[in-house]
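In what follows, a single structure is set out as structure tokens and then discussed.
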Amino acid sequence: MTSRVIPVEPFVLVVFGATGDLAKRKLIPALFQRDLAGQLPEEASIVGAARAHLHEDEFAALARGAIEEHVPATERDEAAIRRFLARLRYAAVDATGEEGWTDLAAILTPMQGRISVFYLATAPALFGPICERLGRLGLAGGQARVVVEKPVGRDLASAKEVNEAVGKVFPEERIYRIDHYLGKETVQNLMALRFANGLFEPLWNAAHIDHVQITVAESLGVEGRAGYYDTAGALRDMVQNHILQLLCLVAMEPPAQLDADAVRDEKLKVLRALKPLAPSGWVRGQYRAGASQGGPVPGYLEELGQPESQTETFVALRAEVENWRWARVPFYLRTGKRLAERVSEIVIAFRPIPHSVFEPSAGPIMANRLVIRLQPDEGVQLQLMIKDPGPGGMRLRQVPLDMSFSTAFGVRNPDAYERLVLDVVRGNQTLFMRRDEVEAAWRWIDPILEAWAASAEPPKPYTAGTWGPSAAIALIERDGRTWADGGS
Ligand code: BG6
């Protein structure tokens, strides 16, 4: 089965931070994939901008390296790589100084009339200075769009500052705050599942749903990003954005239509309805040395080289959305590095049946669960009780009605960035965070951060390769429930 490809309008995309990790791992490979799929028009150019004084050939070599490392050999060929590299330009630019900006403007001048996109894959501290310079050079007008990467700020106050600085130059309808989780195929499928099927909506509420679990578990550690990570921690890095966005998509009311503001209005209402958390509602952890992916791995503090860091690499929270639909339904949220497996999933746990008509010999009756798997092996699973086949009386067993998207459709799942970058060119903000959403998310997160900063209690240790500190298991077991996988 092939997917439908609709070419976008001519554009020029300027990537600030073009020599960085995100550009190499995600942006360049994503743009290459869309080129390969035939979605980039002839007049589509990509301009790398970074501090390094690179010749354009050197930038092309860097881009080739990124493609060869991150796009499987079976999905690329030399002609396609050359065609893609011919689209690239490079300007050495000092984001906080004056050097290089006129060179960048000179590259862009002949491309006037195209849609221009400025992608800020840099530290958030540079968002303001870059936008200011784009404004001064007259590059921010017309159809120009700016894309800002998360984290937008490190608390509410700094997020407001970043939003102000970017908003001075670009109007909100041309600001794209990216959260790559929203571009994941299964996350979009969550909307399809909820709003293109009549089956779930009548059950999608506190009367029928016992609780929700959202797990984003990673088996990797902080890799080469310890410097950044130590200033962020799991709450800022994953919960404030990715996990709360997933929670919003599960909990929001059906929007009147799928346009950007209708969807974001509904998500905002969820964020505003989040009940402030008490200390009993959170667990923070930090990994110690252990084993992962078949070998020994060092602890976070050893990787960081700073024995006193209190940055959390794991968080579990018990959230509640205080409205009619969700009153008293716990949303258990959990994310961490160096956990037992790489698995991201949303579990909708329905209430148990009110009364069993079966003999005790039929065995226990497990409540239904809808599992939306984001990764790996994206898909949807509905756990049902059936009669164990064959003679021998009525014995019940739980079976999954299981759909793996790759098996069902046999197509490559595009990376989230492929979808999102082209959505910017298309001018579709539906899968991007609006300013008020980001700020509402911080408003809920800030008191947790403040409580942690004021507390002398360090994060709870957990061994790398496990499901986090035992307190995270206690967090859910206290309510008589268990985590859906090996975490319990
Ligand atoms: C990023 C975080 O936003 O998401 C990383 O900064 C994390 O720390 C990554 O590893 C996870 O993304 P994915 O798509 O691999 O689940």
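Filtering the range 213-260 to residues that are over 18 Å from residue 430 (Cβ atoms) and polar (S, T, N, Q) leaves 213, 215, 219, 231, 240. Restricted to the range 193-291, the set of helices (runs of 4 or more DSSP H) holding at least 3 residues that are open to solvent by less than 60 Å² (accessible area, probe 1.4 Å), within 13 Å of the ligand (Cβ to nearest atom) and more than 19 Å from residue 349 (Cβ to Cβ) comprises 226-232.
In the range 34-53, the condition of being buried (at least 22 other Cβ atoms within 10 Å of the Cβ) and more than 20 Å from residue 81 (Cβ to Cβ) is met by at least one residue. The residue that is farthest from the ligand (Cβ to nearest atom), among those in the range 127-156 that are over 22 Å from residue 242 (Cβ atoms) and among the hydrophobic types (A, V, I, L, M, F, W, C), is 137. Evaluation of residue 478 against the conditions (1) modelled with pLDDT under 95; (2) over 30 Å from residue 37 (Cα atoms) shows that the sole unmet condition is (1).
When residue 374 is tested against the conditions (1) more than 16 Å from the ligand (Cβ to nearest atom); (2) under 31 Å from the mean Cα position of the chain (by Cα), the lone failure is (1). Taking the listed residues 66, 73, the one that is small (Gly, Ala, Ser) and either surrounded by 15 or more Cβ atoms within 10 Å (Cβ to Cβ) or within 20 Å of residue 146 (Cα to Cα) (or both) is 66, with no other qualifying.
The residues on offer are 125, 140, 121, and the sole one that is more than 22 Å from the chain's Cα centre (by Cα), under 26 Å from residue 26 (Cα atoms) and among the aliphatic types (A, V, I, L, M) is 140. The C-beta contact set for the range 176-188 (first residue more than 16 Å from residue 435 (Cβ to Cβ), second residue away from the ligand (no atom under 11 Å from the Cβ) and among the basic types (Lys, Arg), distance under 7 angstrom, 6+ apart or interchain) comprises 183/419; 186/373. If the condition is being open to solvent by 10 Å² or more (accessible area, probe 1.4 Å) and assigned to a loop (DSSP other than H, G, I, E, B), then the range 313-332 contributes 322, 323, 324, 325, 327, 328.
Within the range 24-38, identify whether any single residue is in contact with a strand residue (DSSP E or B) (Cβ under 7 Å, 6 or more places away or on another chain) and over 17 Å from residue 149 (Cβ atoms), and answer yes or no. The answer is no, given that none of the residues of the range 24-38 is in contact with a strand residue (DSSP E or B) (Cβ under 7 Å, 6 or more places away or on another chain) and over 17 Å from residue 149 (Cβ atoms). Against the test of being within 16 Å of the ligand (Cβ to nearest atom), under 30 Å from residue 115 (Cα atoms) and of a type in the set (D, E, K, R), the options 423, 415 yield a single qualifying residue, 415. Per the conditions (1) surrounded by fewer than 14 Cβ atoms within 10 Å (Cβ to Cβ); (2) closer than 28 Å to residue 444 by Cβ; (3) of a type in the set (A, V, I, L, M, F, W, C), the sole criterion not satisfied by residue 353 is (2). Answer with yes or no whether residue 104 is over 29 Å from the mean Cα position of the chain (by Cα) and buried (at least 21 other Cβ atoms within 10 Å of the Cβ). Considered against the rule, which asks whether it is over 29 Å from the mean Cα position of the chain (by Cα) and buried (at least 21 other Cβ atoms within 10 Å of the Cβ), residue 104 comes out as yes.
The set of residues in the range 168-192 being under 27 Å from residue 122 (Cα atoms), away from the ligand (no atom under 16 Å from the Cβ) and crowded, with 16+ Cβ neighbours inside 10 Å consists of 169, 170, 174, 175.
The values are calculated or read from the model by the stated rules, or taken from the named source; none is laboratory data. Just so we're clear, the structure is a prediction, and the values are computed from it rather than from any experiment. A quick note on method: Cβ atoms are made from the backbone with ideal geometry, for glycine too, and the neighbour counts reach across all protein chains shown. When the accessible area is computed, the model is the full protein with side chains, heavy atoms only, and any ligands, DNA or RNA have been set aside. Shrake-Rupley method; radii C 1.70, N 1.55, O 1.52, S 1.80 Å.
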